[in-house]
Amino acid sequence: MNVETYRKLIAKQLHQDFKSAVEIVEIPIPQPAAAEVLIQNKFAGINGGFDTLLCRGEVPYVNLTPPIDLGVEAVGEVVAVGENVTNLQVGDAVVTTHRGGGYREYQVINATLAVKVRAATPEILTLIPTGVSALVALAKAGEMKSDEVVLVTAAAGGTGHIAVQLAKLAGNHVIGTCSSEAKVELLKKLGCDRIINYRTENLAQVLKQEYPQGINLIFECVGKQVFDTCVDNLAIRGRLVTIGHISEYGKSVESVIQPRIYHQLMWKAASVRGFLMPHYQEYIPEARDRLLNLFYDDKLKVSVDQTQFNGLESIPTAVEYLLSGQNCGKVVVRFNPTNTHT
């Protein structure tokens, strides 16, 4: 590969299986226009659920006509700037969250959409946009307060482990669910008050016995039976924020025959709220700045999964790994482009 080209991962077709939908293509490295910057991506975050749904044609707010550029969050280095760009210069480390800008070795983007950070490290991808989603979901959709009982499902995941810490920082009693001893250890380090390994304990039983008054705020990422159990255990005026349903990604949607959900909600004046970051765009800048400050002040720990994924070729495996629930923290892919832009 010569210095004029780079590679990116695209969805060449819509397919139920992510691996079958994608391919790597090689294209010319573009020159930035007057208001743009050219960025060499160093790391990209893996969003297994969104990636899979996108390739299946099941993301309603996206134009799903292949070929589709894939990947969202990336952190890298500015290697060229347009003539009108004043806020960034060559060598700056930046993070971007432009859909289609993640799974590629280089990207050109409007300079106002690249956020300068101290260093192009994978830890940044745990904060932006993953941590931003956790913060806005808890604060805005969940109306998080202090001195409440907060439950975070998939608490050792990329989003969950940030949600646990934010709920603790707000002065709450935090319950976290997970599926392995390694994840239990991570949650202990993060200060989780009650850790439930659902492979060794029964979630419904623990909640009924130890929290008979119910849960005030639930940050729910799993879906299926876990979701049902969470709804069953909402407190009076409790709020459940559903930010995903990883148990169903890549699978057929489960049909459920049971009493309608209002029978459980009305008598408690409880609520279930869906959260999707694109519908909360106005809160992103403030949330991003707060998270970066917490991180730089050592008030927030970030967990990047230790499994190494290198290069575009590793992304399908990384997506599968994330969907299997093996990860502790954020899953990232490292790019090692063989070329250097000149």
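Nothing in this text is a laboratory measurement; each read-out follows from the coordinates by a stated rule. What you see is a predicted model, and the numbers here were worked out from it, not measured in a lab. All Cβ positions, glycine included, derive from the backbone under ideal geometry; neighbour counts span all protein chains shown.
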* Out of the DSSP beta bridges found with both residues in the chain, what percent are antiparallel (nearest 5)? -> 60 percent
* Structure fact -> Mean-square fluctuation maximum in Gaussian network of the chain, Cα pairs under 10 Å, restricted to 89, 205, 258, hits 258
* Structure fact -> Scalar couplings 3J(HN,Hα) for segment 116-121 by Karplus 6.51 cos²θ - 1.76 cosθ + 1.60 (θ = phi - 60°), nearest whole Hz, x for Gly and Pro, are 6, 10, 6, 8, 7, 10
* In nm, spacing of pseudo-spin labels at residue 262 and residue 194 (7 Å Cα→C-beta vector) -> 3.1 nm
* Would you mind counting up the charge near residue 66? Only other residues with Cβ under 13 Å from its Cβ, with Lys and Arg at +1 and Asp and Glu at -1. => 0
* **Choice from 141, 287, 33 showing the highest fluctuation, given a GNM over the chain with Cα pairs closer than 10 Å** => 33
* Asked: Once you list every other residue whose beta carbon is under 15 Å from the beta carbon of residue 304, what net charge do they have if Lys and Arg are +1 and Asp and Glu are -1?
  -> +3
* Structure fact -> Between the modelled labels at residue 205 and residue 33 (7 Å from Cα along Cα→Cβ) the distance in nm is 6.2 nm
* Asked: GluC sites (Glu not before Pro), restricted to segment 45-127: which are DSSP loop and have at most 11 other Cβ atoms within 10 Å?
  -> 83
* Enumerate the calculated ³J(HN,Hα) couplings along segment 92-104 in order (Karplus 6.51 cos²θ - 1.76 cosθ + 1.60, θ = phi - 60°), each rounded to whole Hz, writing x wherever the residue is Gly or Pro. => 5, 8, 9, 10, 10, 10, 8, 4, x, x, x, 8, 7
* Structure fact -> Per the C-alpha gyration tensor (a ≥ b ≥ c, the square roots of its eigenvalues), segment 11-160 is rounded if a/c is under 1.5, else prolate if a/b beats b/c, else oblate; here it's oblate
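In debye, nearest 20: dipole of the chain around its Cα centre with unit charges on the Cβ of K, R (+) and D, E (-)?
680 debye
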* Evaluated at 37 °C with a viscosity of 0.692 mPa s, what Stokes-Einstein diffusion coefficient in µm²/s does the chain have when Rh comes from the Kirkwood expression over alpha-carbon pairs? -> 158 µm²/s
* For segment 145-237, run through the trypsin sites (Lys or Arg not before Pro) and keep only the ones in DSSP coil with at most 15 other Cβ atoms within 10 Å of their Cβ. => 145, 199
* Which of rounded, prolate, oblate describes segment 236-341, given a ≥ b ≥ c as roots of the alpha-carbon gyration tensor eigenvalues and a/c under 1.5 marking rounded, otherwise prolate only if a/b is larger than b/c? -> oblate
* **Antiparallel bridge percentage (DSSP; both residues within segment 127-278; nearest 5)** => 0 percent
* Structure fact -> Any chymotrypsin sites (Phe, Trp or Tyr not before Pro) in segment 28-61 that lie in a DSSP loop and have at most 15 other Cβ atoms within 10 Å would be 61
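Over the chain, what is the mean sequence separation of C-alpha contacts under 8 Å (at least six apart), divided by residue count, expressed as relative contact order in percent?
19 percent
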* Asked: Does segment 127-278 come out rounded, prolate or oblate, given a ≥ b ≥ c as the square roots of the eigenvalues of its C-alpha gyration tensor, rounded meaning a/c under 1.5 and, failing that, prolate meaning a/b above b/c?
  -> rounded
* Computed [θ] at 222 nm, helices only, for the chain once each DSSP H run of length n ≥ 4 contributes -39500 (n - 2.57) -> -6000 deg cm²/dmol
* Which residue, 285, 122, 60, has the most motion in a Gaussian network model of the chain that connects Cα atoms within less than 10 Å? -> 60
* Asked: What net charge do the residues around residue 243 carry, taking every other residue with its C-beta under 11 Å from that of residue 243, with Lys and Arg at +1 and Asp and Glu at -1?
  -> 0
